[in-house]
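Since every read-out is calculated from the coordinates, none of them should be taken as a lab result. Owing to the predicted nature of the structure, the values given are computational and were not obtained by experimental measurement. Don't worry about glycine lacking a Cβ; one is built from the backbone with ideal geometry, like all the others, and counts go over all protein chains shown.
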Amino acid sequence: MGLLDGRIAIITGAASPRGLGRATAQLFAEHGATVVITDLDSAQAQATAVDLPGNSHFGIGGNVCDQGNCVRVAQATLQAFGRIDILVNNAGITQPLKLMEIAPENYDAVTDVNLRGTLYMSQAVIPAMRTQKSGSIVNMSSVSAQRGGGIFGGPHYSAAKAGVLGLTKAMARELAPDNVRANAICPGFIATDITAGKLTDDMRAQVLAGIPMGRAGTAQDVAGCALFLASNLSSYCTGTEVDVNGGSLIH
C-alpha cells in the first residue's frame, strides 16, 4: 500500500535530474501517485515523466509565471485524470547577489518564479480541489526566509521565500473550510544542482560546521517531507512550515 495510491499530483520545476522536484516526483510515484511534471523544458519534463515508476505520468512544458499556462496545466491534468489531489510548488530560482547589487530585472526574475509562480499555480488548481472538498498544496520556501539569507540566495530570494510562507499561511486559513490544506517546507543546505560546484572547500567546511547533523541534506530528505505533507499522515496539518535543515536553524 502506497501512501498516495490513486492520487493525482502536479509538481512544478521537476525536470532537473538532481533537483528537489525530481526526487519528490520519484517518491510520490513509488507511493502510488500519478504525477504530472511541469518544467520550462517540455521535452525534459516528458522524459522525466517517462522515467518514473508506473505508466500514466506525463510531462508538460510551461512557465509558472504565466497565469494562462498554469490554467492550461491544471486543465490538462483534469482532462486526463478528472481530479487534482496534490500540488507541489517547487519551481524556483536563486541569485547570490548582495543587497545593493539587486537590479530591477533580478528582483523581477526571483520574485516572479518563487512567489508569483506559487500563487498562479495554486489559483489554477484550487477550484478543482474545492469541488472535491480535498487537496494538499505543498509550497517550497527556504531556511533563508527564516534567518535572513542563506548560503546562495540574495536578499530578494529571502524576501520571495518569506513571501511564500505568508502566502501559505493565508491560503491555509482561507482554504481550510473546503478541506484543502496548504503547508510549506523550508529546506536548509541541500546538495542539488543549484549548489553543485559553487562552494569552495573552506565555505563547505564552514557551512557544515553550522549544521548539528554534520552533513548536507539530500533531495530525498526534502522529498520525504513533501510526501508526509501530501499524504493523509498530515491530515490535521495546515499553515505549517516544516524545517528540513539538519538542525542548522532551531527556533
Would you mind checking the tilt of helix 219-230 against the longest principal axis of the Cα atoms of the chain, expressed as 0 to 90 degrees and rounded to 10? 40
Rounded, prolate or oblate: which fits segment 126-244 when a ≥ b ≥ c are the square roots of the eigenvalues of the alpha-carbon gyration tensor, with rounded for a/c under 1.5 and prolate only if a/b beats b/c? prolate
As a check on your grasp of the helix formula, calculate [θ] at 222 nm for the chain: sum -39500 (n - 2.57) over DSSP H runs of n ≥ 4, divide by the residue count, round to the nearest 500. -13000 deg cm²/dmol
For segment 116-172, what does the convex hull of the Cα positions come to per residue, in cubic angstrom? 70
Which of LEU40, LEU165, LEU199 moves the most in a Gaussian network model of the chain with Cα springs under 10 Å? LEU199
Positive-pole candidate from ALA170, ALA160, THR218, dipole of segment 122-228, charges at beta carbon: ALA170
Scan around ASN90 for amide H atoms under 5 Å from its own, H built in the peptide plane at 1.01 Å from N, and keep only partners 5 or more places away or cross-chain. THR12
For labels at ALA43 and LYS133 in the simple 7 Å Cα→Cβ model, what's the distance in nm? 4.7
Loop-resident sites, segment 118-219, for trypsin sites (Lys or Arg not before Pro), counting at most 13 other Cβ within 10 Å (DSSP): LYS133, LYS198, ARG215
For ASN55 and GLN75, calculate 0.36 nm times their separation in residues minus their Cα-Cα distance, and state this gained length in nm to one decimal. 5.2 nm
Long-range amide H partners of ASP243, meaning residues 5 or more apart or on another chain whose placed amide H is closer than 5 Å, are CYS186
